[in-house]
Amino acid sequence: RGARACRALPPLAMPAAAATLQVGAEVVELLDEACFAPLRERFAAPAGFLAGSNFSFEWLAPSGGKGGQLIGRSACREYFVKEVSGEDAETIRAADFQKAYTAHMLRGETYINRFLALFMRKGVLYV
């Protein structure tokens, strides 16, 4: 028999590496980066804005709000990390909210809180 030409298979698509952020001593996987990466760029958040000694999850304490989520402030006092749960979590993960929020925040000055990252740690969502 004659040699058959091998049909070339398309290359395997490698999944894109997940975006990560160092928060305190931990590296967490960032969520919904299409929304939050442009905000970090717009507001010039340094790459390691929560890294190392600038934040510790041990600093989280009750916020005093109605939901009872924990909140902590960075050592430089420029950033907060807050638990997000319940309806707030559903809202912040909703595509229509993210699109409107990002567009509004990129337009200019606003009094709305700047959420620079969304991530999950040990089953808890944080901004």
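No value in this document is a laboratory result; all are computed from the given coordinates. As the structure is a computational prediction, the values presented were derived from the model and not from experiment. Cβ placement follows ideal geometry from the backbone for every residue including glycine, while neighbour counts extend to all protein chains displayed.
Identify which of the listed values of Cα extents along the principal axes in Å was calculated from the structure shown: (1) 41, 34, 21; (2) 121, 51, 27; (3) 80, 33, 30. Comparing each candidate, only (3) matches the computed number. Site-free segments of the chain were taken between GluC sites (Glu not before Pro) in DSSP loops having at most 14 other Cβ atoms within 10 Å, sites themselves excluded; the longest one is 1-77. Taking amide H as placed 1.01 Å from N in the peptide plane, the amide H of Val23 sits under 5 Å from that of Val28, each at least 5 places away or on another chain. Please report the net charge: other residues with Cβ closer than 14 Å to the Cβ of Phe49, K and R +1, D and E -1. Taking every Cβ under 14 Å from that of Phe49, the sum is +3. Net charge of the neighbourhood of Val84, taken over other residues with C-beta under 11 Å away and scored Lys/Arg +1, Asp/Glu -1, is -2. Once the chymotrypsin sites (Phe, Trp or Tyr not before Pro) in DSSP loops with at most 15 neighbouring Cβ atoms within 10 Å are cut out of the chain, the longest remaining piece is 44-110.
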